[in-house]
Amino acid sequence: MRRYTVYGGSFDPVHCGHISLVERAVALGYDVIMVPAFRHAFGKASVPLEQHVCKCELPLQACQLQGHAQVGAIERTLGQASYTHVYT
């Protein structure tokens with residue numbers, strides 16, 4: 001059975017810390033779905049969602065993670081800022 005984790009954020013810009021987290025999740029046996037924000041939750045100016053999606057896909061390809069990591073654009077359907085909540 002495949003295990004998935006969803007990783008949401010502004011990813012503006014995508015940096016080594018983001019990719020390191022994806023690599024670690026993959027090493028632990030997860031497939032990762034990165035979900036870039038449609039709009040920044042705190043009103044920060046950002047590029048359009050399609051550019052965010054591309055900016056997330058490129059490092060995944062460069063690190064050869066696309067077999068276990070993908071970028072989801074589900075926030076396109078929201079059209080507004082959303083917030084990530086972490087429950088422990």
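The table for this structure:
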read-out	value
Helix-only [θ]222 nm of the chain, DSSP H runs n ≥ 4, -39500 (n - 2.57) each, per residue, nearest 500	-9500 deg cm²/dmol
Gain on full stretching of the segment that runs from A62 to H40 - 0.36 nm per residue minus C-alpha separation	5.4 nm
Positive-end residue of Q70, H40, V53, charge dipole of the chain with Cβ unit charges	H40
Cβ-based net charge around D31, under 12 Å, with every Lys or Arg adding one and every Asp or Glu removing one	+2
Normalised convex hull volume, the chain, alpha-carbon set, Å³ per residue	110 Å³
Contour excess over end-to-end distance, with Cα ends at L78 and R24 and 0.36 nm allotted per residue	16.5 nm
Length-normalised contact order for the chain - Cα pairs under 8 Å, 6+ apart - percent	34 percent
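FYI, it's all coordinate maths here, none of it is from the lab. On a predicted model such as this, the values are computed, not experimentally measured, just so you know. A quick note on method: Cβ atoms are made from the backbone with ideal geometry, for glycine too, and the neighbour counts reach across all protein chains shown.
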